[in-house]
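Taking it in order: structure first as structure tokens, then the write-up.
Rule-based calculations on the coordinates, nothing more; no lab input. Remember, it's a predicted structure, so these values are computed and weren't measured experimentally. Note that we place each Cβ from the backbone using ideal geometry, even for glycine, and neighbour counts take in every protein chain shown.
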2 protein chains.
Amino acid sequence: MDKFGLICSLCSRKIPFALEGKCTCGGTWLVEYDLQRAALTFTKKRLRARPASMWKYHELLPIAKLSSIISLGEGSTPLVRLTEWEKKLPLGGLYVKREEQNPTGSFKARGFASALTLINESGIKKVALPSNGNAAAALSAYASRAGMEAYVFLPADCPGLIIEECVNYGAHTYRVDGLIHDAGAIVEEGKLEQGWYNVGTMREPGRVEGKKTMGFELAEQLDWTLPDVIVYPAGGGSGLIGLWRAFHQLLAMGLVTGALPRFVAVQEDGCTPIVSAFWQHAQPETLPAGSPMPTGMRVPRPPNRNLIVSILRETKGTAIAVTREEIHAATAAMGLCGISSSPEGAATWAGLQRLIDSGWILGQDKVVLFNTSHAMKYTLYPTKLQLPLIKSYQDFKSIHSP
Amino acid sequence: MDKFGLICSLCSRKIPFALEGKCTCGGTWLVEYDLQRAALTFTKKRLRARPASMWKYHELLPIAKLSSIISLGEGSTPLVRLTEWEKKLPLGGLYVKREEQNPTGSFKARGFASALTLINESGIKKVALPSNGNAAAALSAYASRAGMEAYVFLPADCPGLIIEECVNYGAHTYRVDGLIHDAGAIVEEGKLEQGWYNVGTMREPGRVEGKKTMGFELAEQLDWTLPDVIVYPAGGGSGLIGLWRAFHQLLAMGLVTGALPRFVAVQEDGCTPIVSAFWQHAQPETLPAGSPMPTGMRVPRPPNRNLIVSILRETKGTAIAVTREEIHAATAAMGLCGISSSPEGAATWAGLQRLIDSGWILGQDKVVLFNTSHAMKYTLYPTKLQLPLIKSYQDFKSIHSP
């Protein structure tokens, strides 16, 4: 094989690398590498001497040449150990991976740094995205950095600061009267006519690959060991897919040993498609009014639900829903540790408490929580910007003047 | 000498290390190290192999033992090169040091990580601070991390998000009807009675030492060279003092060679004590109403003005004031580079344009701008918290129940 190619998560078919999201069988295209070749230079010693950046792991990122990299300083986020809480709970280890310290204030920066590097290598200059907020902000920033035009479509109740952030980065920004899948329908309807490349969740392989670097970093920060449990807030769930790929690659290359961490997907009550699928509960057709909060976890129809559930099962993990009240209490508890958490990050803390209470997480477990985004992004005040509110692609066309 | 001690910036008197800010002669206590001893392990090769953190530079930080470190993941912030603008302006190099990617969203994290490590080593458990905002947020977070009690006093017009941040970190938070020096007067008046350790600007040597790591990092990121020009937003100005100390230490150890960068201090029109002192202009007695913005640059009486002016002269630097309109235009320009800048960071961009126009910065110069804080912190919306507004220490006492 080449340095890298694609393999289907479901039927295992292999094809050369391409900007494709889904196999015809419905499976997800994942990037597969020539790990023996990568292992020649992807060594603990060499990695330690490389500058702090997610690009230090470039052998396992699907880019053609290092000179194409579109970067704003992503990756190399801190892993903070909470020793006081380890004693109190108790736990064998408790860490927070501070993904909010990325550019654009969220882990989404990693995915768009890699995706836009690939897309830019392909000569595409116009990208579009439905998003709950953080992905849109990251796309907006990286598109400007790459000299691309970005079109982002956000639910109308997206926090004002995130909307303003997209505008500040120069993106064409639209508020959509609906949820993230309604925004997605607009992008799909308009993509041919507008010449948009849809960079939505799992539409192409680059974003998951960038998120994968969280897993490499975590292993390196833990001196090439893996924790027992990963607690991750799940919306589209591609962060979990990235971590799962990263750990498998490290195991295959012998850089870590032992079992995969048990993966826990956390969602907020009111929108729990992954939790429902994991526990084989019926999923409500509509979301209850006013619930859940407009965060990155509010994704009623995750395009890779089956793959995520299979990862949870493979790793002997679980899925759990927490309440808004638990999230608020967790924000306060993390604040008193000196850590400002987004609702998504706080949800992992809330999930942890539940799983300790139920006995699923044990006293010797080493646990890593992911604070995926910056707290301030979720300040709920109405933006003062007079942005148009649209319901359909027709609405978009009626107001957009290129 | 010991591993480190204090030296007065004015009379050069030396004393053993202590938590002191000012010499009796009025000079500033600076930490002096046994550089020959430090150089045994502070080597390029060893530094490269240490984990990403400001603590990799520990030989030149005044801490007694590594196990005392109070950390939330500070330092190792990205240095982003803006190649498009280098061609456009032109410049020999243009970089933005993204200090907003620190914990608590500003460079202040570095100073409080080191200061609270020292203060904690001394057994002090109650700290107080007058601040324009970012320093208070950082103190609040690090105090909680260290198990200390923090009291922070902010001008009443401090942005709501920063006020909320301090409260979220568990600090006793007070809005003061006045400016930062009015808040400082309250801390000074109450410190004996309340048992507060005043950790305000240049009250102790730890904060400047932590900020110094920005300089070490910058040199390492530029492959152990120094830029020609540093543009830095100046309030209290201790960031500049830290950078100046860092570069002198690196030069003395032979880790870099050549001239010091020319240091530029940028302030906003309406509060320009450093610019006025540098140009020997009369300084207005009061601030014009509504001007300047409530940012970290609004410090009418910087306690180390003379030292800062002498640093600007020594480095053949300058001081410049920019307008609010220039700052807003700079925010937009940096946004289109994919960088979300605070007003302070945008002020450095505005200052750069001015100094290119005037011919002070030349086409071959390699320039570094410091984006000292997170853009979102300066969102001006009133906080919903019902915090007391005080005018005096008596007001504080009348409402504070310990």
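Some notes on this structure:
- Estimated inter-spin distance, B:Trp224 and B:Ser291, nm [label 7 Å along Cα→Cβ]: 4.9
- What you get for chain A, charging only the Cβ of Lys and Arg (+1) and of Asp and Glu (-1), is a dipole of about 980 debye around the Cα centre.
- In nanometres and ascending order, the distances from the A:Leu10 label point to those of the other copies are 7.6 (point 7 Å from Cα along Cα→Cβ).
- Neighbours of B:Leu307, meaning other residues whose beta-carbon lies under 12 angstrom from its beta-carbon, give a summed charge of +3 when Lys and Arg score +1 and Asp and Glu score -1.
- Relative to the Cα centre, the charge distribution of region B:183-335, modelled as +1 at Lys and Arg Cβ and -1 at Asp and Glu Cβ, gives a dipole magnitude of about 260 debye.
- Note that chain B shows a convex hull volume over its alpha carbon atoms of 135 Å³ per residue.
- The residues A:Thr318, B:Thr225, when put in order of fewest to most other Cβ atoms within 10 Å, stand as B:Thr225, A:Thr318.
- Given A:Lys56/A:Lys87; A:Lys87/B:Lys191; A:Lys88/B:Lys108; B:Lys65/B:Lys212; B:Lys97/B:Lys191, the pairs whose alpha carbons are separated by over 27 Å: A:Lys56/A:Lys87; A:Lys87/B:Lys191; A:Lys88/B:Lys108; B:Lys97/B:Lys191
- Label sites at A:Arg48 and B:Asp269, each approximated as a point 7 angstrom past Cα along Cα to Cβ, lie 5.5 nm apart.
- Scattering curve values for the protein assembly as shown, log₁₀ I(q)/I(0), Debye with Cα scatterers, q = 0.09, 0.11 Å⁻¹: -0.83, -1.27
- Taking the label point 7 Å along Cα→Cβ, A:Gln353 and its counterparts in the other copies are spaced 4.8 nm apart, in ascending order.
- Dipole axis of region A:4-54 (+1 Lys, Arg; -1 Asp, Glu on Cβ), positive-most option in A:Val31, A:Leu10, A:Ala49: A:Ala49
- Here the residues A:Ile124, B:Ile308, ranked from fewest to most Cβ neighbours within 10 Å of their Cβ, fall in the order A:Ile124, B:Ile308.
- Helix-derived mean residue ellipticity, 222 nm - over chain A, DSSP H n ≥ 4, -39500 (n - 2.57), to 500: -11000 deg cm²/dmol
- Packing order of peptides A:199-207, A:230-238, B:286-294, A:268-276, highest average first: A:230-238, A:199-207, A:268-276, B:286-294 (average count of other Cβ atoms within 10 Å over each peptide's residues).
- Partnerless Cys - chain A, beta-carbon criterion under 4.7 Å: A:Cys158, A:Cys166, A:Cys271, A:Cys337
- Here r is the Cβ-Cβ distance between B:Arg301 and A:Lys125 and R0 is 51 Å; the resulting FRET efficiency, rounded to 0.05, is 0.50.
- In this label model, A:Leu336 and B:Lys65 are separated by 2.9 nm, measuring between points 7 Å along each Cα→Cβ vector.
- Under 13 Å, Cβ to Cβ, from A:Ala138 - net charge with Lys/Arg +1 and Asp/Glu -1: +2
- Among B:Leu222, B:Leu30, B:Leu19, the largest mean-square fluctuation in a Gaussian network model of chain B, built with springs joining Cα atoms closer than 10 Å, belongs to B:Leu222.
- Nm distances between copies for A:Asp223, ranked from closest, using label points 7 Å along Cα→Cβ: 3.3
- Within the protein assembly as shown, percent of DSSP bridges classed antiparallel, to nearest 5: 30
- Label zone at B:Gln36 (point 7 Å along Cα-to-Cβ), backbone N below 20 Å, region B:218-255: B:248-255
- DSSP bridge orientation in chain A - percent antiparallel, rounded to nearest 5: 30
- Dipole magnitude of the protein assembly as shown, debye to nearest 20 (Cβ charges: Lys/Arg +1, Asp/Glu -1, about Cα centre): 1880
- Set of aspartates and glutamates near B:Lys125 by C-alpha distance (under 16 Å), chain-local residues within fewer than 8 positions excluded: B:Glu149, B:Glu193, B:Glu204
- Sorting the segments A:183-189, B:355-361 by their mean number of nearby beta carbons within 10 angstrom, highest to lowest, gives A:183-189, B:355-361.
- In this calculation the C-beta distance from B:Leu389 to A:Ser401 is compared with R0 = 51 Å, giving a FRET efficiency of 0.60.
- Normalised per residue, the volume of the convex hull around the Cα set of region A:4-54 (Å³): 100
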